[in-house]
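Heads up: the structure comes next, in structure tokens.
The values are calculated or read from the model by the stated rules, or taken from the named source; none is laboratory data. Since we're looking at a predicted model, the values are computed, not measured. Here Cβ is always computed from backbone atoms with ideal geometry, including for glycine, and neighbour counts include all displayed protein chains. When the accessible area is computed, the model is the full protein with side chains, heavy atoms only, and any ligands, DNA or RNA have been set aside. Shrake-Rupley method; radii C 1.70, N 1.55, O 1.52, S 1.80 Å.
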Amino acid sequence: MEKQVVISGFGGQGVMLAGELLAEAGKTEDKFVTFLPSYGPEMRGGTAYCDVIVSDKAIASPVISFPQAAIILNLPSLNKFEPLMKKNGIIILNKTIIPQDVKRKDVRVCKIDAQTIAKELGNEKVTNLILLGAYAELEKTVSIETLKKSLKVYLTGRKEKLIPINERALDTGAAAAKEYMACHV
Amino acid sequence: MGEKVLMKGAEAIAEAAIRAGCMAFFGYPITPQNETPEYFSRRMPQVGRVFLQAESEVAAINMVYGAACTGTRVITTSSSPGISLMQEGFSYIANSNVPCVVVNVMRGGPGLGDIAPAQADYNQATKGGGHGDYHSIVIAPHTVQEAADIMFKAFELADKYRIMVVMLMDGLMGQMMEPVEFREWVDVKNNKVPVWATVGQGERGQRNIITSLEILAEGLEKMDIALQEKYKEIKSGEVCCEEYMMDDAEYAITAFGTVARISKTVVDLARERGIKAGLIRPVTVWPFPDKVFEKRAEQVKFFFDVEMNEGQMLLDVRLSVNGKKPVYYYGRLGGIVPSAEEMLGELEKLAGGKNENII
Amino acid sequence: MKTLYKVPGAITDTPTTYCPGCPHGVAHRIIGELLDEMQLTKKTVIVWPVGCSVFGYYFIDTDAVEAAHGRACAMATGIKRTHPESFVITYQGDGDLASIGIAETIHAAARGERICVIYVNNGNYGMTGGQMAPTTLLGQVTTTSPYGREAHANGFPLKVPEMLAAIDGPAYIARGSLDNAKHIIQAKKFIRKAFKVQVNNLGFSLVELISSCPTNWKMTPEESLERIRKQVLPVFPIGELKVDEGVA
């Protein structure tokens, strides 16, 4: 089993954190993982993305040229990665701010109103974790429970108090994905 | 070995260096390796060691030179333009026979270039780089774990031969995170000053002088020959090379560092399609594993060299193969990382007898 | 029998390579005497420069390293930081320190690096044949200022101690001169203070020594010393420029 996912959005949407949490969870489940961030001269803004691979065997290339899965947080990211998706790959979409439909018919799509759900949970910043929860639910790369364990590694000190809302975000995202796929597949 | 931690390459090498007994870091910020000095700046004071941000790469390498003269395990890290600035120091260090470790997280060039991953400093690193007849040991890891392991080896080699050891990485390996397991800490409690070091004569019978200067040509020639003798010894004992799926390979891909890692995917994909490919990955790019190529030249139909530069290691491969088999090249420049798929496409064309787009 | 003169223990028997009348020998002797008197010889590392004193380690009997041109303060930093018990001196000329090595010098001073810098200023590049230095006086003829140094083209003489005295890092900054016995005795006092600064772990110290270059100035030794008094010292006045609290 080798799972490859691209996570992409604006700088500041928590793209890298989502990727690192997934990699950390993969490590915790004793799998091989690589996390490869895009990096540029700017610290904030612009499109940021990362490639995460979780595998049962040693990972050769850490670069994902044609994603099996993509977690897409903004429109520029959709435009960038939609053409690159593997056939039957899956795009998990932040529907709230992406009005555009996926044009390709040979990829699966899961649209989540993630930013709205995040707002309802009380913090728009957990949009990334809602989508990550959705991804974990659909692709079974790692379990939601392990992702929750990873939160404890990354959210420490001042950020520790954010663990409960992030846990809820993972659960809510997973439930939303289940619901969406039940209605659309 | 302890537990696995998820770390960026740029941080893993710093932690590995500390565990390997590195007592001092001197360096200057440059992208894409800033996580390394930042990590050292946090950790070195915690373990009672030296971290100093120098005013320039020029100063940094000369601080390293000074620290090396005291026999202290010392490191600097930088990226291509910064490494260019350090070349004069490298040359002095070589002819002074003092040990140190230098990491080059290569980025696109020439000039200011960009900050994307590249391998275009291969020639600079393996052929010397500064003035004069000298070499450094140059090691090119291809995973974060390997980089962490090699850091220990780098300090051991530096001390053993009193030589500079270069770890040749690239921006991708620096930024990438992978689980790493570190070797046991090197015990530094009983560190002794080596007999050759310049720390003040003390109880030593005679004083020590460390210099790269010998004004008489006859004398300098002797020093130069002594250096070459040392290099011969290193060439005969310290070559390191990994072969992947080479036993029955008809086609040998050859690459180092990040491209070598991607090449393993290419080998797997090629074999799925019935193309018997293998990979020869020089781990030490100086000394270069020429014997491996010599041997495999009897076996394979051709070599396919892939690099993130205009074909720099290519020349070493061709020298080693010595005309026995064709050596083709494919590369991307400017900081573009070649994809496994495009490399496979090129390999398929070659294996099918066509070789357009290949120099 | 009373000893009137002897070679300091820290000075070797090797005849120097300096030109007749060159004050480098005097500067070496001051350092040798002080290393003896302060019992520092065995713990000293001297970082030698590129310039006339490139072979200095043949003449002063301590552990030594040979720096790249201008990099003595950086190299000394590396030694002192990793081996704080060593007594670390750099010995540099005006081309080495004030031109190519000015960045390393200023930053070592700003960091309060615990090293002593002996800075010998003879107003030109002696070893390479008398080219213009940052310290060359206005109007002075050198092989690369054949019509005399002009401010609009070549700038003004650089006063390093005055610059360094203006920043917080250094503990002790002084300028002495090697033109006569009185000044030499004073210069030795300055250097003794500078050495004490390091012995007492107080920080960075630098002593500039105004020197001459009879060969490239194309003068007799006497004439060259006279020129120091008449022309150089008015531009580079001697004295202590920064003496931190605790420096004695």
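Quick rundown of the values:
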item	result
Evaluation of B:ALA59 against (1) within 13 Å of chain C (Cβ to nearest Cβ); (2) assigned to a helix (DSSP H, G or I); (3) touching a strand residue (DSSP E or B) at 6+ places or on another chain (Cβ under 6 Å) (one fails), failing number	(3)
Which numbered condition A:GLY11 fails, given (1) within 12 Å of chain B (Cβ to nearest Cβ); (2) of a type outside the set (Lys, Arg); (3) free of Cβ contacts under 8 Å to residues at least 40 places away in the same chain	(1)
Check on A:THR47, open to solvent by 40 Å² or more (accessible area, probe 1.4 Å), farther than 20 Å from B:LEU172 by Cβ and hydroxyl-bearing (Ser, Thr, Tyr)	no
Candidate set from segment A:53-67 (those that are surrounded by fewer than 19 Cβ atoms within 10 Å (Cβ to Cβ) and of a type outside the set (A, V, I, L, M, F, W, C)); member that is farthest from the other protein chains (Cβ to nearest Cβ)	A:ASP56
Filter pass, B:ASP248 being open to solvent by 50 Å² or more (accessible area, probe 1.4 Å), under 30 Å from B:ARG296 (Cα atoms) and part of a loop (DSSP other than H, G, I, E, B)	yes
Hits in segment C:146-187 - residues which are hydroxyl-bearing (Ser, Thr, Tyr) and touching a Gly at 6+ places or on another chain (Cβ under 9 Å)	C:TYR172
Residue match in segment B:39-52 (condition: open to solvent by less than 40 Å² (accessible area, probe 1.4 Å), among the polar types (S, T, N, Q) and at pLDDT 95 or above)	no
Looking only at segment C:80-124, and only at residues there that are under 16 Å from C:THR136 (Cα atoms), among the hydrophobic types (A, V, I, L, M, F, W, C) and surrounded by fewer than 24 Cβ atoms within 10 Å (Cβ to Cβ), the one that is farthest from the other protein chains (Cβ to nearest Cβ)	C:ALA98
Top-ranked residue in segment B:203-229 [being out of contact with any Cys (no Cβ under 8 Å at 6 or more places or on another chain) and in contact (Cβ under 8 Å) with a residue 12 or more places away in the chain; ranked as most open to solvent (accessible area, probe 1.4 Å)]	B:GLN228
Condition check for A:SER77: under 21 Å from B:ALA116 (Cα atoms), part of a loop (DSSP other than H, G, I, E, B) and either out of contact with any Phe, Trp or Tyr (no Cβ under 6 Å at 6 or more places or on another chain) or more than 14 Å from chain B (Cβ to nearest Cβ) (or both)	no
Flag for C:THR17 being within 14 Å of chain B (Cβ to nearest Cβ), part of a loop (DSSP other than H, G, I, E, B) and over 16 Å from the mean Cα position of the chain (by Cα)	yes
Matching option when the condition is closer than 26 Å to B:TYR65 by Cβ and of a type in the set (A, V, I, L, M, F, W, C), among B:LEU172, B:LEU168	B:LEU168
Candidates A:VAL54, A:VAL63, filtered to the one that is in contact (Cβ under 8 Å) with a residue 60 or more places away in the chain and more than 12 Å from the chain's Cα centre (by Cα)	A:VAL54
Failed criterion for C:GLY139 (all others in (1) away from every other protein chain (no Cβ under 14 Å); (2) surrounded by fewer than 24 Cβ atoms within 10 Å (Cβ to Cβ); (3) closer than 21 Å to C:LEU209 by Cβ; (4) free of Cβ contacts under 8 Å to residues at least 60 places away in the same chain hold)	(3)
The listed residue being within 11 Å of chain B (Cβ to nearest Cβ), more than 13 Å from the chain's Cα centre (by Cα) and surrounded by 24 or more Cβ atoms within 10 Å (Cβ to Cβ), out of C:ALA72, C:ALA76	C:ALA76
Qualifying positions in segment B:163-181 - charged (D, E, K, R), more than 9 Å from every other protein chain (Cβ to nearest Cβ) and farther than 25 Å from B:MET86 by Cβ	B:GLU181
Criterion (of a type in the set (A, V, I, L, M) and open to solvent by less than 30 Å² (accessible area, probe 1.4 Å)) met by exactly one of B:VAL195, B:VAL239, B:VAL267	B:VAL267
Selection within segment B:294-315 - without any contact (Cβ under 8 Å) to a residue 40 or more places away in the chain and open to solvent by less than 60 Å² (accessible area, probe 1.4 Å)	B:ALA297, B:LEU314
All positions within segment A:19-37 that are surrounded by fewer than 24 Cβ atoms within 10 Å (Cβ to Cβ) and more than 7 Å from every other protein chain (Cβ to nearest Cβ)	A:THR28, A:GLU29, A:ASP30, A:LYS31, A:PHE32
Count of segment B:218-238 residues which are of a type outside the set (D, E, K, R) and either more than 22 Å from B:ILE93 (Cβ to Cβ) or modelled with pLDDT under 95 (or both)	1
Top-ranked residue of segment C:50-67 - restricted to ones that are among the hydrophobic types (A, V, I, L, M, F, W, C) and over 19 Å from C:VAL7 (Cα atoms), ranked as farthest from the other protein chains (Cβ to nearest Cβ)	C:CYS52
Selected residue (criterion: farthest from the other protein chains (Cβ to nearest Cβ)) from residues of segment B:92-123 that are among the charged types (D, E, K, R) and part of a loop (DSSP other than H, G, I, E, B)	B:ASP121
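Residue-by-condition table, conditions (1) at pLDDT below 95; (2) open to solvent by 10 Å² or more (accessible area, probe 1.4 Å); (3) in contact with a His (Cβ under 9 Å, 6 or more places away or on another chain):
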position: A:ILE91; (1), (2), (3): no, no, no
position: A:PRO99; (1), (2), (3): yes, yes, no
position: A:ASP106; (1), (2), (3): no, yes, no
position: A:ILE130; (1), (2), (3): no, no, no
position: A:GLY133; (1), (2), (3): no, no, no
position: A:SER150; (1), (2), (3): no, no, no
position: A:PRO164; (1), (2), (3): no, yes, no
position: A:ALA182; (1), (2), (3): yes, yes, no
